[in-house]
Every structure is written in structure tokens, then in C-alpha cells.
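The values are calculated or read from the model by the stated rules, or taken from the named source; none is laboratory data. Note that the structure is a prediction, hence the values are computed from the model and not measured. Here the Cβ is made from the backbone with ideal geometry for all residues, glycine too, and neighbour counts use every protein chain on show.
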Amino acid sequence: PAALPKHGSPRLYTAVMKTGPDLGPGHALQFGLSALSGRSQVYEEDTGAGGAGAAGDTQIFGTDFVYKHNGMRSHGEGDFIVQGEYFYRDQNLDDLSGRWAGLQPWAKQQDGYYVQGLYGILPRWRAGLRWDQVGLINDVQDPEAGDLACDDSYRLTTVADWRLSEFSLLRLQVGRGWYATDDGRED
């Protein structure tokens, strides 16, 4: 599309920092911070009025943690892992096509997180739970639809896996989600 500019330079920059205190034998803890910044584009095809484009900046910030306990038994039996991550996205785009002239720009502020735990129930076998949720902050400004404040969506997942080796596993995962839509909450 002619409305979107071409970029000849890097469009995404990332930074990651990890640290972990020494907890002694059998325990490991790690904390992390991450940041991404870059250019993003949106193109909306409309056969009746022609396409419209917007471009601008997006930043994503995150923090994460992992705690691992080694049960000191055969092939992971008794091992325990709990981990989680939180992220926040801030996106601001400017109209490039003139279709939305005089209207507010595209803007999105959204966040989400997950927390999960896994436990070694038998040698090579683990079971666990995961909770993830997006949209605690979910403010969207659309040039045509205006300010949209959407509800959060969340999901609960159970998992069982069998480790064939240190580098591969088979996983069975079942989840149930509760999602916010334009028509209300859907399961």
C-alpha cells in the first residue's frame, strides 16, 4: 500500500536483564526485566473507500520470575517450578492516508500476565496449572470507533507432560477460557 512508508533501518530494539540470587543447593531463583521498542504499521483494507494506513511507535515492557526446586530424586520426580510474567504495551499510531483526518489517532495501552506451576509427580512425568489474564489495562482509541475500554479475558489450563529426554517432551494440555468480546463474555 502506498500509504505506508518503507523503512531501511532496524525497526525493533530489545533489551533484557536477568539476575538471580544464590539460594544454595536444590534451589534457583531468577528475576528479569525486558523492554522492546519499535515502529509498527496498521493497514485497513476497505473496498468501498480505499485502504487506510497508520504508523507509529510501540513499546512493550515486561518483568518475569522463575523459581525452581530440585527434589533430588530420579528424572525430575519431586521437582517444582513456579514462574510468571507481566507485560505492558503502549502503541501510538498516526494516520498516514488522510482517511481519519481530524479524528483521534490510534492508541492502545494493554497488559497481561501469567503464573504457572509444575510438579514432578513421577520420574519423567510432570503435572501443573497455568493462569493467564490479559486486559487488566485495556484502553483502545480507534479513529472510527472512538474510546474502547474492553473487559479482561482469562484462561485456566491444566497440563501433564512426559519428558522423553532433556531436550524433548510430549505434552497434553487442556484449557478453559473466559473471553471478553463485543457481544459480552464467552466461555
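Within region 15-45, track down each residue that is among the small types (G, A, S) and free of Cβ contacts under 8 Å to residues at least 24 places away in the same chain. Working first, answer last.
Within region 15-45, the first condition is being among the small types (G, A, S), and the residues that meet it are 15, 20, 24, 26, 28, 32, 34-35, 37-38, 40.
Matches in region 15-45: A15, G20, G24.
Residues that are more than 30 Å from S40 (Cα to Cα), at pLDDT 90 or above and either within 22 Å of the chain's Cα centre (by Cα) or of a type outside the set (A, V, I, L, M) (or both): does region 134-147 have at least one? Steps first, answer last, please.
First pass over region 134-147, keeping only residues more than 30 Å from S40 (Cα to Cα): none.
Looking through region 134-147, none of the residues is more than 30 Å from S40 (Cα to Cα), at pLDDT 90 or above and either within 22 Å of the chain's Cα centre (by Cα) or of a type outside the set (A, V, I, L, M) (or both).
Might you check whether a residue that is more than 25 Å from Q41 (Cα to Cα), hydroxyl-bearing (S, T, Y) and more than 24 Å from the chain's Cα centre (by Cα) occurs anywhere in region 159-169?
To start, the set of residues in region 159-169 that are more than 25 Å from Q41 (Cα to Cα) comprises 159-169.
From the residues that got through so far, the ones that are hydroxyl-bearing (S, T, Y) too are 165, 168.
Imposing the further condition that a residue be more than 24 Å from the chain's Cα centre (by Cα) reduces the set to 165.
Within region 159-169, one or more residues are more than 25 Å from Q41 (Cα to Cα), hydroxyl-bearing (S, T, Y) and more than 24 Å from the chain's Cα centre (by Cα).
Inspect all residues belonging to region 77-94 and state whether any of them is closer than 30 Å to G26 by Cβ and exposed (fewer than 13 other Cβ atoms within 10 Å of the Cβ).
No: zero hits.
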